[in-house]
Amino acid sequence: MRSPTPRRILAPLAAGALVLGLLSPASADTADDPALYEVSGVSTAQERTEIASTGAAIDDVSADTVLVTATAETARAIDGLGYEVTEFNPPTTQFAPDDGYTTYSELRDAVDQVVAQNPGIAAQSVYGYSYQGRELIAIKISDNVGTDEDEPEVLFTHSQHAREHLTVEMAVYLMELLTGEYGSDTRITDLVDGREIWILPMVNPDGAEYDMAGSSWRYWRKNRQPNAGSSYVGTDLNRNWDYNWGCCGGSSGSTSSETYRGSAPESAPEVAQVADFVRSRVVGGEQQITSAIDFHTYSELILWPFGYTYSEVTNGMNRDEYDTHAALGTYMARANGYTPQQSSDLYVTDGTINDWLWGDQRIVNFTYEMYPSSFWGGGFYPPSSVIDRETARNREAVLRLLDYADCPYRIIGEEDAYCG
Ligand code: LU0
Ligand code: CA
Ligand code: CA
Ligand code: ZN
């Protein structure tokens, strides 16, 4: 596919403090809707981190360019760093919302149906409410589903980022797979019997609904919580978690940013309530959840913590722990063809669920960045015709995680040391 001709909006304005000062007075706080920009001359994680630290969200990484979602003000800041920034107009075919994607109310119906048809192994609960008051739901899948048994627990979270709709389809796929093949596929039957599986299928329903509600996709990322004293709406849920929150230039303190970290850790109700849910799984002083995947799009990556530092081994992550993440991530990636890497190989992030689940709760966990591999496969909005293929693509990879959930350290042969 050919690139649409980039329009260099910043062209005649040389980068520099004077120009930036004239164009974007610090006091300006008027609606400045995020748009897509292509930034060239970017090839290392350090350069991507520098760009992300302006508050832009990096959506796509190729050899020497990135695509970012950013306000015009942030785009000028990137320009000011010396990178070439061009406005990027997505192909028009991507504009219309595709009703093959599951809405919040369709999700509720699908969950009701799965639970009604599989009452022995599937249950749902409301673990909280979104900012706008939507019920936040969890699906539990296990044998004797009404009983909290002593079985390794596994967590799947979906759609922290509003526009990443394929991740909701992944949740629907997983609940239908695990219930639909129960009793016929012996591997799935054994995993459902031997694990307690939690699926949080849409942790940011306000954002997802907002993204789908217009006559065109809105490229919305954050939640829909207003910010005091600002006309900009929303917190980036995946920068709002309470582990090294805002530590390292991997998020923004500006409400206008796509990666706004919120006013405090867990200031977003959607994050606070997932965190409360996870903390509620500590029984007898022991976190029951051993392993987790947080689903995002896109880039076809499997990422593991930490994201706040480039270091593999650091305070809170020893060599065995790092190696366990790397080995399990790599093993899963062999099944789905994604690229496995430490999160910060992409760019530095702070306040992510990935870092919190490990750093605070000691849950071995991964971020999946699903299909497509690049913008040219449809970016955040591939046609719904890919849903079946791209969710089923992760079947084996997810089963591998469920398999190792009894003791993730088994993958490096250290089950005696860590799970004895
Ligand atoms: O939150 C993000 O920026 C993620 C990547 C991190 C989990 C490292 N990328 S996304 O926003 O494009 N899904
Ligand atoms: Ca059970
Ligand atoms: Ca249990
Ligand atoms: Zn995301």
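One residue stands out among those in region 55-80 that are without any contact (Cβ under 8 Å) to a residue 40 or more places away in the chain and part of a loop (DSSP other than H, G, I, E, B): the one that is nearest to Ser373 (Cα to Cα), which is Ala63. Elements of the type strands (runs of 3 or more DSSP E) sitting completely within region 88-175 and holding at least 2 residues that are in contact with a strand residue (DSSP E or B) (Cβ under 6 Å, 6 or more places away or on another chain) and hydroxyl-bearing (Ser, Thr, Tyr): these cover 122-129. Just one of the listed residues (Glu369, Glu390) is touching a Leu at 6+ places or on another chain (Cβ under 6 Å) and either within 16 Å of ligand 4 (Cβ to nearest atom) or not in a helix (DSSP H, G or I) (or both), namely Glu369. Are any residues in region 184-205 within 16 Å of ligand 4 (Cβ to nearest atom) and either within 14 Å of Arg400 (Cα to Cα) or not aliphatic (A, V, I, L, M) (or both), and if so, which ones? Once the filter is applied, which keeps residues that are within 16 Å of ligand 4 (Cβ to nearest atom) and either within 14 Å of Arg400 (Cα to Cα) or not aliphatic (A, V, I, L, M) (or both), region 184-205 yields Pro201, Asn204, Pro205.
Within region 176-214, being within 21 Å of Gly133 (Cβ to Cβ) and either assigned to a helix (DSSP H, G or I) or of a type in the set (Asp, Glu) (or both) holds for Pro205, Asp206, Gly207, Ala208, Glu209, Tyr210, Asp211, Met212. Checking each residue in region 133-151 for being within 12 Å of ligand 2 (Cβ to nearest atom) and either in contact (Cβ under 8 Å) with a residue 24 or more places away in the chain or not β-branched (Val, Ile, Thr) (or both) picks out Lys140, Ile141, Ser142, Asp143, Asn144, Val145, Gly146, Asp148, Glu149, Asp150, Glu151. Could you go through region 275-296 and let me know if any residue there is away from ligand 3 (no atom under 16 Å from the Cβ), modelled with pLDDT of 95 or more, closer than 18 Å to Trp245 by Cα and surrounded by fewer than 24 Cβ atoms within 10 Å (Cβ to Cβ). Checking region 275-296: at least one residue is away from ligand 3 (no atom under 16 Å from the Cβ), modelled with pLDDT of 95 or more, closer than 18 Å to Trp245 by Cα and surrounded by fewer than 24 Cβ atoms within 10 Å (Cβ to Cβ). Given the structure, is Glu266 within 25 Å of Phe88 (Cα to Cα) and under 18 Å from the mean Cα position of the chain (by Cα)? No, not satisfied. When residues in region 324-349 are screened for being under 19 Å from Thr391 (Cβ atoms) and crowded, with 23+ Cβ neighbours inside 10 Å, 2 of them pass. Would it be correct to say that Ala275 is more than 16 Å from ligand 4 (Cβ to nearest atom), more than 28 Å from Leu174 (Cα to Cα) and either part of a loop (DSSP other than H, G, I, E, B) or of a type outside the set (Asp, Glu) (or both)? Criteria not met by Ala275.
Determine which single condition Ser216 fails, assuming it passes every other condition in (1) small (Gly, Ala, Ser); (2) crowded, with 20+ Cβ neighbours inside 10 Å; (3) in contact with a Pro (Cβ under 9 Å, 6 or more places away or on another chain). Result: Ser216 fails condition (2) only. Only one residue in Val154, Val203 is within 16 Å of ligand 2 (Cβ to nearest atom), β-branched (Val, Ile, Thr) and in contact (Cβ under 8 Å) with a residue 12 or more places away in the chain. Which one? Checking each option against the conditions leaves just Val154. Filtering region 344-397 to residues that are within 29 Å of Asp64 (Cα to Cα) and either of a type in the set (Gly, Ala, Ser) or in contact with a Pro (Cβ under 6 Å, 6 or more places away or on another chain) (or both) leaves Ser344, Gly351, Asn354, Asp355, Pro372, Ser373, Ser374, Gly377, Gly378, Gly379, Pro382. Residues considered: Thr235, Thr186. Of these, the only one that is out of contact with any strand residue (DSSP E or B) (no Cβ under 8 Å at 6 or more places or on another chain), free of Cβ contacts under 8 Å to residues at least 60 places away in the same chain and polar (S, T, N, Q) is Thr186.
If you go through region 301-339 and keep only what is touching a Gly at 6+ places or on another chain (Cβ under 7 Å) and either more than 23 Å from Glu153 (Cβ to Cβ) or of a type in the set (A, V, I, L, M) (or both), you end up with Ile302, Gly307, Tyr308. Can you say whether Ser159 is small (Gly, Ala, Ser) and within 16 Å of ligand 4 (Cβ to nearest atom), as far as the supplied structure shows? The answer is yes for Ser159. Determine if region 149-156 includes at least one residue that is buried (at least 17 other Cβ atoms within 10 Å of the Cβ) and under 30 Å from Tyr219 (Cβ atoms). Yes, region 149-156 contains at least one residue that is buried (at least 17 other Cβ atoms within 10 Å of the Cβ) and under 30 Å from Tyr219 (Cβ atoms).
The values are calculated or read from the model by the stated rules, or taken from the named source; none is laboratory data. Just so you know, these numbers come straight off a predicted model, no measurement behind them. Note that each Cβ is placed from the backbone with ideal geometry, even for glycine, and that neighbours are counted across all protein chains shown.
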